[in-house]
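Notes follow the structure.
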Amino acid sequence: MGFTQTVKNIWSVDDLRRRLGITILLVIIYRFGCYVVLPGINPNDLAALKSFTSDGLMQLLDMFSGGAFSQASIFALGIMPYITASIVIQLLGMVLPAFQKMQREGESGRMKLNQYTRYLTVLILLVQGPAYLLNLKYQVSAAGVVVDMNFWSVLFMTIVLAAGSMFIMWLGERIDQKGIGNGISFIILIGIMARFPEAVFQEFTGRLLNSAGGGLVIFLVELIILVAVIAGAVLLVQGTRKVPVQYAKRIQGNRQYGGARQYIPLKVNAAGVMPIIFAQAIMFIPVTMVGFTTNHTGFFGAMTNLYGFWYNLVYFIMIVAFTYFYTAITVRPAQMAEDMKRNNGFIPGVKPGKPTVEYLDTIMSRITLPGSIFLGIVAILPAIAHVVGLNRQFAAFFGGTSLLIMVGVILDTLRIIEGHLLMRHYDGLMKEGRIKGRTTGSGAF
């Protein structure tokens with residue numbers, strides 16, 4: 001089926017057309033807000049801030065905010081405070097019985113957890129807002145520009161920043177309800193993709209102007225490698241190991257029930273991008289500590305060089321370790337074995353009970369190892385790409401959290417669109433097979 005026919009099919013479905021239109025409208029509003037500068041800030045005085053956010057953690061935050069961070073926008077803090085609060089609530093749900101109880105209460109429990117997440121988001125914003133403004137004052141003052149940052153102006157702009165982030169969260173919820181896909185993940189995707197054209201253009205012009213010869217060929221090779229990396233990320237997101245489960249027959253009267261064989265899809269990368277997020281949070285502690293010391297050599301020097309060997313080696317090892325840790329607390333073979341036993345199911349050749357738990361645990365350990373190694377390689381690919389000569393913005397798209405988020409969100413969105421088409425007896429988006437998105441939780445995180 002051609003692309004034109006696919007577009008016609010999408011346009012012919014009223015509900016799908018309406019949802020796509022609402023999503024596009026909300027995205028336009030979000031992108032417009034990214035260029036609305038905080039009151040009292042002159043956009044022409046932000047050159048130092050843009051230079052500050054061109055590398056390291058600040059580059060990552062600026063990418064997730066769609067450039068709003070470096071432009072001192074009302075959306076400068078972006079959606080990351082909400083993501084941070086969501087991660088904290090998820091972790092609390094793994095260790096605190098009260099939160100575990102709310103997770104098991106269904107819709108009412110989910111609403112309570114969402115409310116707690118919002119409260120925690122506000123608290124994080126009230127801390128991050130003044131910190132961002134103080135850094136803004138320092139960066140602008142270093143360029144010789146005086147910015148009024150008294151108590152009341154900081155308080156006012158903190159409220160504006162907090163309101164901007166909460167408005168982004170509201171936009172994400174509206175996309176959830178009336179648009180296509182997971183709203184928060186989609187907003188992060190738009191923020192990341194907003195930087196992609198500029199990054200490609202800079203790399204293209206850099207190769208043409210600075211290369212001694214063959215710059216265009218090198219650029220084409222880079223694009224081919226990028227496509228290959230994206231294909232590998234797709235395999236990492238979709239990869240599963242199917243475990244057959246046979247259900248015993250039940251006879252009631254003259255009828256037989258059950259007896260069918262199904263499969264449990266165990267994810268190769270059940271942890272998603274969480275290991276990268278955990279590892280980044282820890283690895284940026286030395287970067288923060290450098291701000292309180294003049295010692296930039298030795299340990300601090302090695303751990304603050306984002307493109308150095310020792311930094312990326314420790315980063316890689318931590319990602320592998322966190323992948324095993326997060327998989328162990330999210331994938332529970334004992335619960336899976338108990339569910340199979342309750343439904344008269346069993347794995348052929350494996351006894352129910354403890355042998356089934358050990359069998360599932362062994363399979364998860366075997367498939368998690370290559371998945372964790374591949375995830376670690378994807379995470380350090382941007383550093384490798386920069387070391388071999390790519391500019392930092394373009395290198396960021398060769399791996400890490402940004403690449404996995406883009407792949408996961410795009411696959412989820414396409415899967416939802418395909419589901420709408422198939423429900424109305426249209427062909428899917430692919431001639432063969434079905435699009436598979438992530439099945440380990442909602443949202444990019």
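Rundown of residues vs (1) under 20 Å from Gly399 (Cβ atoms); (2) assigned to a strand (DSSP E or B); (3) at pLDDT 85 or above; (4) out of contact with any Cys (no Cβ under 6 Å at 6 or more places or on another chain), yes/no style:
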site	(1), (2), (3), (4)
Asp148	no, no, no, yes
Ile159	no, no, yes, yes
Arg174	no, no, yes, yes
Ile180	no, no, no, yes
Leu189	yes, no, no, yes
Val217	no, no, no, yes
Ala233	yes, no, no, yes
Leu236	yes, no, no, yes
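Table: residues versus (1) hydrophobic (A, V, I, L, M, F, W, C); (2) under 17 Å from Val229 (Cβ atoms).
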{"residue": "Phe325", "(1), (2)": "yes, no"}
{"residue": "Gln335", "(1), (2)": "no, no"}
{"residue": "Phe346", "(1), (2)": "yes, no"}
{"residue": "Leu360", "(1), (2)": "yes, no"}
{"residue": "Ser372", "(1), (2)": "no, no"}
{"residue": "Ile384", "(1), (2)": "yes, yes"}
{"residue": "Met406", "(1), (2)": "yes, yes"}
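Entry remark, the stretch 165-206: residues being surrounded by 23 or more Cβ atoms within 10 Å (Cβ to Cβ), under 17 Å from Val36 (Cα atoms) and small (Gly, Ala, Ser) number 2 in total.
Within the stretch 91-128, the set of residues being exposed (fewer than 11 other Cβ atoms within 10 Å of the Cβ) and of a type in the set (Val, Ile, Thr) comprises Val95 only. Of the helices (runs of 4 or more DSSP H) lying entirely inside the stretch 307-410, those containing at least 3 residues that are surrounded by fewer than 18 Cβ atoms within 10 Å (Cβ to Cβ) span 309-330, 333-342, 354-387.
Give the residues of the stretch 22-48 that are at pLDDT 75 or above and open to solvent by 40 Å² or more (accessible area, probe 1.4 Å), sorted by residue number. Listed by number, the residues that qualify are Ile22, Ile24, Leu25, Ile28, Ile29, Arg31, Phe32, Tyr35, Val36, Pro39, Gly40.
The values are calculated or read from the model by the stated rules, or taken from the named source; none is laboratory data. Not measured: the values here are computed from a predicted model. Using ideal geometry, Cβ is built from the backbone for each residue, glycine included, and neighbour counts are taken over all protein chains shown. Areas reflect the complete protein model, heavy atoms only, side chains present, ligands, DNA and RNA absent. Shrake-Rupley method; radii C 1.70, N 1.55, O 1.52, S 1.80 Å.
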